[in-house]
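The values are calculated or read from the model by the stated rules, or taken from the named source; none is laboratory data. These numbers come from a predicted model, not from an experiment. FYI the Cβ positions are ideal-geometry reconstructions off the backbone, even for glycines, and counts take in every protein chain you see. Just so you know, the surface numbers come from the protein's heavy atoms only, side chains and all, with ligands and any DNA or RNA stripped out. Shrake-Rupley method; radii C 1.70, N 1.55, O 1.52, S 1.80 Å.
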Amino acid sequence: MGDMLVSIIPDMKRRTVDSFVEKAKALDNKLQEKLVKPLSLVTVGREDGNAVVTSREDISRMPLKLLRKEDSLCMDFGDHHVGYVTLKLNSAGSPQDAPAYLRLKFAEIPGEILDDSSTYHGWISKGWIQEEFLHIDVLPCELKLPRRYAFRYLEVLAVDTSAKFQVVVEDASLTAVSAVSLDEAEPLKNLPEDLQRIDRASLKTLQDCMQHVFEDGPKRDRRLWIGDLRLQAKANYATFRNMDLVKRCMYLFAGLTRDDGKIGACLFTEPVMQVDDTFLFDYSLFFISILYDYYQETKDIDIVKELWPAAYRQIELALLDMEDGVPKTENPMMAFIDWKDGLDRQAAAHAVWIYCLRQAQSLGALAGDNQAEDHIKTLLSDALKKAVDHFWDEEQGFFLSGESRQISWSSQAWMVLADVFDKDKSRELMLRLLAEKPEMGVSTPYAYHHVIEALLHVGEKEKALDLMRTYWGGMIQLGADTFWEAFDPEDPNASPYGSSQVNSFCHAWSCTPAWLLREYF
Ligand code: RAM
């Protein structure tokens, strides 16, 4: 089993700042709804080991399909959507003399139709698999499913009927929901076809994750994670520009904290609003970054002044997780950075510290907090010195992390983004990274994003684009409509959770090409 996020403070005390929570509630706008019908009936099979649609029939020209015991049909709704499903079901044949026993499978990608949930033994809940077993006592009926699903394909299997009657799926429809509509973002037209496809899937990913909060993934975990929020907000500025949603999420994080003011890695809005009991060094610090980016976009000085104390508190609290000026190492998951198994996170966490200190320094000045600004200045110069003295190895030409002195892609990318060296030296480092390809790579689009952003940061546009084309383009080649939580081109079944059945295939942190393509190309 790989690295896991587990709560270590079950009795944690929480603090609520009512005024912030009230402001967040006032910013909870109504979602946009769109009625979507299935376009075709498909069959899914395997070609060269990959799950793909192997045949397709236009649904409008189909005679109604009768489902006997063990028969199934699979509807394709034409694109990835998030929403609520209604099925109109009927019976045919003799009177219905037994319950219709059905299994419904909702799939973001074709592979989920072929998955067998009875084989799931991962370390997070099986409840995330979008599958329902239902008994329908009386047909005909209109079945309104209470859950919200994220999917493109819906399979209906008659687990059992009886020898005397069959089930008929007469109609299916979906009310798709999102805070934004795709028409609100201008697609990129002056780019090669493959990049336009990457852009389109990025926009769709972001749209489907924009609900009452910026969710990490509408299939799983369906909640607000701050590391995802940081990237979503940046992509949103370049595309949909829904400022209210970002503002709402910032108020939620600032308003729902641990009792000492520590901002959580994620929070829940139902059944009550509360911060989760998972805390991550990098994720708490990213509150600073999100506020900084929001100010760059809006020049809203009032919110900077209002939320600055919450942001500064993250610096004070981060110091408790540091020893001799560098992040402590006893908990290997103290910072997130990436899901990559075996990754030593210390160097990258230190770089995130520097990255956020720089932004905090600007925010402190804007908020007129000179004392904090001075404190941050001192911390920053110490941190920069430590980055070189403690982590840099001149001989090998890489930053080394932890007691094992590990060379990873994430450590280098984050140290570059933190501007520990000047542009030229950082550029050499990134080129060395690409040439030497250290074994400790990355396993999520989240970490891949930071490698690409680091390349763009040092002016290596073509190299960044090459990586975007192979990585995000790799998902497109496998049929992605939206981008995935985890993707390893060498291993299509890779998962941080012990099984790809619970992976999310529309995951917020992978939407960043929409931002990078607009900002740099
Ligand atoms: C996963 C979620 C989320 C991420 C955290 C660290 O559970 O997918 O996106 O931010 O991990």
Checklist outcome for this item: Inside region 469-481, the number of residues satisfying the requirement of being surrounded by 22 or more Cβ atoms within 10 Å (Cβ to Cβ) and of a type outside the set (A, V, I, L, M) is 2
Checklist outcome for this item: In region 27-70, residues that are assigned to a helix (DSSP H, G or I) and either of a type in the set (D, E, K, R) or exposed (fewer than 12 other Cβ atoms within 10 Å of the Cβ) (or both) total 2
Next on the checklist: If a residue must be more than 10 Å from the ligand (Cβ to nearest atom) and assigned to a strand (DSSP E or B), how many such residues does region 225-237 contain?
Outcome noted: 0
Next on the checklist: Kindly evaluate SER499 against the criterion of being open to solvent by 10 Å² or more (accessible area, probe 1.4 Å), more than 16 Å from ILE198 (Cα to Cα) and within 16 Å of the ligand (Cβ to nearest atom).
Outcome noted: yes
Next on the checklist: So, in region 289-302, how many residues would count as being without any contact (Cβ under 8 Å) to a residue 12 or more places away in the chain and open to solvent by less than 30 Å² (accessible area, probe 1.4 Å)?
Outcome noted: 0
Checklist outcome for this item: Scanning region 105-142 for residues that are within 13 Å of LEU89 (Cα to Cα) and surrounded by 15 or more Cβ atoms within 10 Å (Cβ to Cβ) gives LEU134, ILE136, LEU139
Next on the checklist: Can you say whether ALA92 is in a loop (DSSP other than H, G, I, E, B) and surrounded by fewer than 18 Cβ atoms within 10 Å (Cβ to Cβ), as far as the supplied structure shows?
Outcome noted: no
Checklist entry - Which members of region 317-338 meet the condition of being within 16 Å of the ligand (Cβ to nearest atom) and out of contact with any helix residue (DSSP H, G or I) (no Cβ under 8 Å at 6 or more places or on another chain)? => result ASN331, PRO332, MET333
Checklist outcome for this item: Expected single match for open to solvent by less than 10 Å² (accessible area, probe 1.4 Å) and either more than 18 Å from the chain's Cα centre (by Cα) or not hydrophobic (A, V, I, L, M, F, W, C) (or both) among PRO192, PRO218 is PRO218
Checklist entry - Which of the helices (runs of 4 or more DSSP H) contained wholly in region 370-458 include at least 1 residues that are among the aromatic types (Phe, Trp, Tyr)? => result 409-417, 445-457
Checklist entry - Only one of (1) open to solvent by less than 50 Å² (accessible area, probe 1.4 Å); (2) in a loop (DSSP other than H, G, I, E, B); (3) within 23 Å of ARG518 (Cα to Cα); (4) more than 16 Å from the ligand (Cβ to nearest atom) fails for ARG241. Which number is that? => result (1)
Next on the checklist: Criterion first (within 13 Å of the chain's Cα centre (by Cα), closer than 22 Å to ARG152 by Cβ, among the hydrophobic types (A, V, I, L, M, F, W, C) and within 16 Å of the ligand (Cβ to nearest atom)) does ALA486 satisfy it?
Outcome noted: yes
Item to check | Boolean, ILE337 is in a helix (DSSP H, G or I), of a type in the set (A, V, I, L, M) and either within 26 Å of ASP3 (Cα to Cα) or touching an Asp or Glu at 6+ places or on another chain (Cβ under 7 Å) (or both) | outcome: no
Checklist entry - When you scan region 95-104, how many residues do you find that are buried (at least 23 other Cβ atoms within 10 Å of the Cβ) and of a type in the set (Gly, Ala, Ser)? => result 1
Item to check | Pairs where the first residue, in region 478-497, is without any contact (Cβ under 8 Å) to a residue 24 or more places away in the chain and the second is open to solvent by 60 Å² or more (accessible area, probe 1.4 Å), C-beta under 9 Å, 6+ apart | outcome: PRO489/THR470
Checklist entry - Hey, does region 257-279 have a residue that's closer than 20 Å to ARG15 by Cα, within 14 Å of the ligand (Cβ to nearest atom) and in a helix (DSSP H, G or I)? => result no
Next on the checklist: I'm trying to understand the selection: among the residues of region 202-220, which are within 16 Å of PHE253 (Cβ to Cβ) and either within 10 Å of the ligand (Cβ to nearest atom) or touching a Cys at 6+ places or on another chain (Cβ under 9 Å) (or both)?
Outcome noted: VAL213, PHE214, GLU215, ASP216
Checklist entry - Are any of the residues in region 459-466 of a type outside the set (Val, Ile, Thr) and touching a Ser or Thr at 6+ places or on another chain (Cβ under 6 Å)? => result no
Checklist outcome for this item: Per the filter on region 421-445, residues open to solvent by 60 Å² or more (accessible area, probe 1.4 Å) and over 22 Å from LEU465 (Cβ atoms) are ASP422, LYS425, GLU439
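Residue by residue, here is whether (1) out of contact with any Phe, Trp or Tyr (no Cβ under 9 Å at 6 or more places or on another chain); (2) more than 30 Å from GLN130 (Cα to Cα); (3) surrounded by fewer than 21 Cβ atoms within 10 Å (Cβ to Cβ); (4) modelled with pLDDT of 95 or more holds:
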| position | (1), (2), (3), (4) |
| --- | --- |
| ASP419 | no, yes, yes, yes |
| ALA447 | no, no, no, yes |
| LEU455 | yes, yes, no, yes |
| LEU467 | no, yes, yes, yes |
| PHE483 | no, no, no, yes |
Item to check | Single residue of LYS340, LYS305 found to be open to solvent by 50 Å² or more (accessible area, probe 1.4 Å), touching a residue at least 12 places away in the same chain (Cβ under 8 Å) and farther than 22 Å from MET415 by Cβ | outcome: LYS305
